[in-house]
Each structure stands twice: as C-alpha cells, then as structure tokens.
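The values are calculated or read from the model by the stated rules, or taken from the named source; none is laboratory data. Keep in mind the model is a prediction, meaning the values are calculated, not measured. Glycine gets a Cβ as well: all are built from the backbone with ideal geometry, and neighbour counts include every protein chain shown.
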Amino acid sequence: MSEQRVYIRPEIAILPAYKQGRQASAEAFKLSSNENPFPPLPGVVEAVQAQTSYNRYPDATALAVRAVLANRFGLTADEVHVAPGSVAILHELARATSGPGDEIVYAWRSFEAYPGVVTVAGATSVQVPNRPDGGHDLDAMAAAVTDRTRMVIVCTPNNPTGPIVTAAEFEAFMATVPSSVLVVLDEAYAEFVTDESAVHGHPLLERYPNLVVLRTFSKAYGLAGLRVGYALGPAYVLEAVRACAIPLSVTAQGQAAALASLEREGELLERVAELAVQRDHIVAELREQGWAVPDAQGNFVWLPTGERTAVAATAFEDAGIIVRAFHPEGIRISIGEHEAVETLLETARSLVGDLQVAD
Ligand SMILES: *Cc1c(COP(=O)(O)O)cnc(C)c1O
C-alpha cells in the first residue's frame, strides 16, 4: 500500500523552525537570547504564585493589563492589545494585513522572526540591506514601498546590529509612506535606549494613523519565560489583530506578572540602567581593542566577525560564553551577568588581530 504524505504548503516545507539561542550548560553564560540576567523581583514571583486557578481559562483580553498600559500611555484600552509575546503580535499583524501577492518590507539583517512571520501569512518579504553602520536605510526602505506593500517593519534599536532609528529619520520616512500602509515600530528594547535622538513610538501615535508600536515584557522587564507583549495603535487595527489571535493565549500568571512588574517599574528600570552602563563599557572596550562595533542601544552588542564568525563563536563557547552567530556576518552578544564581562573582553581581544589579518 503506498502512503501519500499530507500536503504541506511548499513555502512552509522549506521554512526553518525558529532556532533558539543555544541552551547553556550550568557553568556557561548564556548570552545568546538577549534575556535579562536578573531574576524576577520578589513581588512579581508572589503575584504569579497567587494565580492558582489552573482549571479556569484566563481573561481573554487581558483587560487589567490593557487598562494600566492605556492609562500610562494616554490611550483607551481598545488602543492596547496584549498577546503572548510581541512575536505573536507580529504574526497577527501580518495575517491581518497581508496575504498572497502582498509585500512586507523590513530591514536586513534584522530580527530573525520577521522572514517566517511574512511567509506564514502567505505574503512576500522585501528585505532592504542595512547601512554599513548597521542602522536601517530608511530612504531605501521608503523606495521599496510599492502598491503591493501592506506593512513595513522598523526595528529600533535593530536586533541584532544595535543602532536606533532617530526621530528625524523616522518622521522623514513616515512622510513618504502612504497612510494605507501599516508601519510597525518594533521597540522590543526601548527601555535600554539612552541616545536622545532616538525615535519613541507612543507619542507619535496621535500623528500617524497607520502606526502600531510593539513593546514587550520579555527583555527589560525580565519576563521572557511568561510570554507577554503588547501593541499600541488604532482601535480598528487592533480589533483586526485580535480577530487573528489564537484566543486565551496569555495566561493569568503572565498577566499577573506584567501587572506586578508595572507596579515595581522603578526597581526594574534601575536594573535596566545598570545593564545600559555595562553595555556602554563593553562597547568602549571593544572599540579600544580595534573592533568596529556599531552603536549599541539594546541589551546586546554586535561584533562584525564576517567570514570568521564560526571560529569566533567557537572561541567564545570554549571560554564559557554562548553567543548568537549569524554566518557570515557577525556575532550578537547579550549584556548579561557582570561576571561574564572580563572573559568576554579577553576572548574578543584574542580574536581581533586574527580578524584584521583575515579581512
Ligand atoms: C525579543 C524581541 C521581540 C519580542 O519577543 P517576545 O518575547 O515575543 O515579546 C520582538 N522583536 C524583537 C526585535 C526582539 O528582539
């Protein structure tokens, strides 16, 4: 009897599954997933532990979290959408706006989830190469918008290269994009930004009716494991996004953790400031060593290791530091435990001469 395989959409059959940063052994530092090295604050753990109705479904729209966020950003609760991570919202936005024949424009290299988000929606990716300094080339992105474009994703600071988009660049870009094209400003690392020229999405929502801003509790708030992200934007767009969501995916525990974290934001942001100081120190030292490190405004730094990326990643691993390698471009290293900094810098120093010879 001949067995036929079930039909898989051809573009899905060749789509790689999400590749997680290597899980580190107990002794190694896992600096491959831009996670927050600090454990949750005590009150956050207790708020999660108080949610014990595992036999009940959670509040489907996370209204309590939306209400607090709406209040803080001066919006209505309908202008806030909460989902299991902002990656889920990217999928929802792509499905709500784009299908076969439609194009979604984004910078490249950028967040590794973007190509899959587009393909799963059935749409086509238009990738616009970054500038040599690792920042978005917004002029080229604007030029890539056609009458087939339904959505543009702008990632600031850009994961994995690090630079921000400035307010001036973003406003000039928005002036050229038709208001029928959705612009998604992915601000997963907004809390780490210290550059005063950076764009901030939420104050611009009033000005641009085609703008949606994405934020997350995964990075600065240290809740990556509980899966909570949110979008700010026009109510009718978020209504369409909710229609594309898998219902009931944000757990009561995730909602409780988000609420408790917002209450303790001051303490959390002190930790974020500490990580930003550590980041700036690492960047300064790496540049001193001779590395051409792009501006780093998230909780990670980018080493342009080029063709030597695999060798360099192995050297870090041998030293007990798990990094994220993007062959053949470079390596992204998260700002993590203080104890990892010296080894990180020593390893980078041992590689830099080799790389300059290799180039
Ligand atoms: C980490 C990250 C996200 C969000 O991840 P979630 O955990 O799904 O909220 C979104 N965009 C970028 C660019 C990221 O690096």
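Observations, loosely collected:
- Residue within the range 211-226 that is within 16 Å of the ligand (Cβ to nearest atom), in contact with a Pro (Cβ under 7 Å, 6 or more places away or on another chain) and among the small types (G, A, S) present: yes
- Answer residue from the range 107-124, given it is among the hydrophobic types (A, V, I, L, M, F, W, C) and under 22 Å from S33 (Cα atoms) and is surrounded by the most Cβ atoms within 10 Å (Cβ to Cβ) among those: A107
- The residues on offer are A83, A77, A94, and the sole one that is among the aliphatic types (A, V, I, L, M) and either touching a residue at least 60 places away in the same chain (Cβ under 8 Å) or farther than 25 Å from A245 by Cα (or both) is A83.
- When residues of the range 98-133 are limited to those that are within 16 Å of the ligand (Cβ to nearest atom) and hydroxyl-bearing (S, T, Y), the one nearest to P178 (Cα to Cα): Y106
- For R72, the conditions (1) within 21 Å of the chain's Cα centre (by Cα); (2) exposed (fewer than 13 other Cβ atoms within 10 Å of the Cβ); (3) at pLDDT 95 or above are fulfilled apart from (1).
- Pairs are defined by a Cβ separation below 6 Å, a sequence spacing of at least 6 or placement on different chains, a first member in the range 213-241 that is in the same structural domain as G201 (by TED's automatic domain parsing) and free of Cβ contacts under 8 Å to residues at least 60 places away in the same chain, and a second member that is within 8 Å of the ligand (Cβ to nearest atom) and of a type outside the set (D, E, K, R); the pairs so defined are F217/V228.
- For the range 7-21, the set of residues classified as under 15 Å from V117 (Cα atoms), assigned to a loop (DSSP other than H, G, I, E, B) and either under 23 Å from the mean Cα position of the chain (by Cα) or basic (K, R) (or both) consists of R9, L15, P16, A17, Y18, K19, listed by residue number.
- Qualifying positions in the range 184-197 - within 15 Å of the ligand (Cβ to nearest atom) and either part of a strand (DSSP E or B) or of a type outside the set (G, A, S) (or both): V184, L185, D186, E187, Y189, E191, F192, V193
- In the range 325-338, the residues that are under 19 Å from R109 (Cα atoms) and in contact with a helix residue (DSSP H, G or I) (Cβ under 8 Å, 6 or more places away or on another chain): A325, F326, H327, P328, E329, G330, I331, I333
- Only one entry in D59, D133, D137, D147 is without any contact (Cβ under 8 Å) to a residue 24 or more places away in the chain and farther than 22 Å from P203 by Cβ, namely D147.
- Here is the figure for the range 131-181: residues that are out of contact with any Pro (no Cβ under 7 Å at 6 or more places or on another chain) and part of a loop (DSSP other than H, G, I, E, B) total 17.
- Residues in the range 227-252 that are surrounded by fewer than 18 Cβ atoms within 10 Å (Cβ to Cβ), more than 16 Å from the ligand (Cβ to nearest atom) and β-branched (V, I, T): there are none.
- Among the conditions (1) touching a Phe, Trp or Tyr at 6+ places or on another chain (Cβ under 8 Å); (2) without any contact (Cβ under 8 Å) to a residue 40 or more places away in the chain; (3) β-branched (V, I, T), V177 misses just one, which is (1).
- Any hit, the range 275-288, residues being within 16 Å of the ligand (Cβ to nearest atom), touching a residue at least 24 places away in the same chain (Cβ under 8 Å) and touching an Asp or Glu at 6+ places or on another chain (Cβ under 6 Å): no
- L238, sole failed condition from (1) closer than 19 Å to N71 by Cβ; (2) within 19 Å of the chain's Cα centre (by Cα): (2)
- A single entry from I164, I104 fulfils the requirement of being within 14 Å of V212 (Cβ to Cβ) and buried (at least 23 other Cβ atoms within 10 Å of the Cβ): I104.
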